[in-house]
Amino acid sequence: MIDRATVDRIMAATNIVDVVGEFVTLRKAGTNYKGLCPFHDDKTPSFMVSPARQICKCFACGEGGNAVNFLMKHEQITYPEALRWLAKKYNIEIEERELTDDERREQSERESMFIVNEWASQYFHDVLKNNVDGQAIGKQYFRSRGIRDDIIEKFRLGFALTKRDAMAQEARRKGFKDEFLLKTGLCYQPNQSSTTQPPTPITQLVDRFAGRAIFPWLNVSGKVVAFGGRKLDAATKGVQQKYVNSPDSEIYHKERELYGIFQAKKAIVKEDCVYMVEGYTDVIAMHQCGVENVVANSGTALSVHQIKLLHRFTQNIVLLYDGDEAGIHAAMRGTDMLLSEGMNIKVLLLPDGDDPDSFSRKHTAQQLKEYIEQHQTDFIEFKTNLLLKDVKDPIKRAEAVNSIVRSVSVIPDQMVREAYIKDCVHRLGINERTLVTQVNKFVAEKGREDMRDNAATPDAGSGDNASPAPAVQTAPAGIGLSSTKGRNIEQMLMKTVIKYGDVVIYDDVEDEDGNHFSMNIAQFVAYDFGNDGLTFAEPVYNRMLQEAVEHSADKDFKTEEYFLKHHDPEVSQMAVELAVERHQLSRIFVKEPTRDNLRTTVEHLLIDYRGDILNQRIEELNRQMKNAGNDMELLKPIYEEFEKARQMRNTLVQKVGRDING
């Protein structure tokens, strides 16, 4: 773990113009620099770099941050990897905290496993290229699949000799320990059922992939974590399992990895979309056709870990499968999980009999791209066509509609959910109120399930990370964000905290004990929120506000400088998004607001924020009363809460002497 003092030294030595300049051609523009944005298809220079503030920002696509943020996004590396990249560039020795004996042993084992896997990948690749059998058998197989030599190099494809211990013997000659050949799953012992059990005294090792074409799995950082081995065509007759994959290990967990992610990550970011296919050769064939933003889950069900990995690069995914029953099932089984993680889904089933591999080999790159663009459909259309086609029975139709509506209900963004409900009204011909009621029912069921799950976990809501009290007692915290206005107010409040949070707006505040103190903007917002149990709906805003308050007493503390250089990349990137506007990286002079203006602005924003929360709650209670119909038992508590919220809103209106409904 890199200690904080070392991080500070790295950040102090870093020159963002030098860092960005290694990847982007920059030219001087006043006191700043500008160039073509590397994160979207930029035609005119819109990517600005400020040496004074040590930040960059694209005013077309919005990407930006400090040097660490830039490297993480551009090179698709982790925060520690970005720090090490900078440390190497500026010749800074990294001092990491002392590891415990267990941590040191675990780290050593992991590093040894990576080293063994890297060697094995090079070994298999060298056999394919230079060994007589590798060329005659392995290379001939790849050529029969139409795979070019440049793609073989790109994916580091290989071949394992048919002799059952050929690789094991070579590994021993190179000095690699049997322990790590077993732990990585490259080898196994006869009659040894599990790599997790202590091995019996080693006399014989068997190559797991003997006689197979080799597909190395590279993780997002480019390290070899596992292998897939395919029996060659002549050996697959009557064999159900054509592929053998590495078993789970300390460095490889099947549900956390995606084949092709390392080769695809930059294209995914550039295209802002990823294609999900089923197998190794599907990924490789599409790359060969010029479509590089593609990964495979290799026949396993999609996991939350895999979806979160993809979400780092894009929220748009196209499920690209063959049109047979297995392909349809594969497309269906991951839909709800993808939706619940905030992904936008389209589905494309290829003509029956074709998979992405065979289809791409029959078509040019242009034809493949055009077909994908013209035939992909959103998940509602896909599911509607699949489940309701030729369905006449009303019971079966109701079940199909419920399945579609349940999928809509897992979408976390309320505005997206409402857009899909309107789409369902059009496609399904069902009354909107009926659909809304059913969606709310499914959402409530999910909420109850989550509460039961949380209740089963001791102390889930206690400790330093416990959620604050709800917002205004008539509504959950952050409900105002369901409207565009609410999100805008929240953003404006946090912009003010970032840019001017250290500015004192009250000189002489007296507490209940008669103590006198001054209060800056960050402290005032936190104090005002605390009075009513309000919180921001955006979690990172709450963290930033808390830190601003905690550091307010520090000498020469400046909120903007602190957050722009923050050690947490999520915080620093958010600070750039909030604090930097086009004129601030230009030569235009903008007059800073006075202290009185800032105080008035913050007070009005806080009142508007409360007003929006109340308006949203009143609208929701109105809908609930309509849905309750004449059921007085349901209506009474809803109406009481409605009246309470309305009175609170009226009080706010009287307080500021203006309408807060706008």
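The values are calculated or read from the model by the stated rules, or taken from the named source; none is laboratory data. Only a predicted model underlies this, so the values are computations on that prediction, with no experimental measurement involved. Counting neighbours? That spans all protein chains shown, and the Cβs are built from the backbone with ideal geometry, glycine included. Areas reflect the complete protein model, heavy atoms only, side chains present, ligands, DNA and RNA absent. Shrake-Rupley method; radii C 1.70, N 1.55, O 1.52, S 1.80 Å.
Before moving on, here are some points about what is shown:
- Residues in the range 324-346 that are within 18 Å of Leu310 (Cα to Cα) and open to solvent by 20 Å² or more (accessible area, probe 1.4 Å): Arg333, Asp336, Met337, Ser340, Glu341, Gly342, Asn344, Lys346.
- Yes/no for Leu349 being open to solvent by 10 Å² or more (accessible area, probe 1.4 Å), aliphatic (A, V, I, L, M), closer than 21 Å to Ala301 by Cα and in contact (Cβ under 8 Å) with a residue 24 or more places away in the chain: yes
- Helices (runs of 4 or more DSSP H) contained in the range 119-189 and holding at least 2 residues touching a Leu at 6+ places or on another chain (Cβ under 7 Å) and of a type in the set (A, V, I, L, M): 166-173
- Within the range 504-530, considering residues that are open to solvent by 40 Å² or more (accessible area, probe 1.4 Å) and at pLDDT 90 or above, the one nearest to the chain's Cα centre (by Cα): Gln523
- The one condition in (1) out of contact with any Gly (no Cβ under 6 Å at 6 or more places or on another chain); (2) within 30 Å of Ala537 (Cβ to Cβ) that Leu387 fails to fulfil: (2)
- Checked against (1) at pLDDT below 85; (2) in a helix (DSSP H, G or I); (3) more than 25 Å from the chain's Cα centre (by Cα), Lys392 passes all but condition (2).
- Within the range 88-107, the presence of at least one residue that is at pLDDT 85 or above, in a helix (DSSP H, G or I) and within 30 Å of Thr44 (Cβ to Cβ) is confirmed.
- Matching residues in the range 533-548 - criterion: being surrounded by fewer than 18 Cβ atoms within 10 Å (Cβ to Cβ), assigned to a helix (DSSP H, G or I) and in contact with a helix residue (DSSP H, G or I) (Cβ under 9 Å, 6 or more places away or on another chain): Val540, Arg543, Gln546
- Restricting attention to the range 554-567, the residues that are surrounded by 16 or more Cβ atoms within 10 Å (Cβ to Cβ) and charged (D, E, K, R) total 2.
- Residue that is nearest to Thr335 (Cα to Cα) [pool: residues in the range 366-389 that are in a helix (DSSP H, G or I) and open to solvent by less than 40 Å² (accessible area, probe 1.4 Å)]: Phe379
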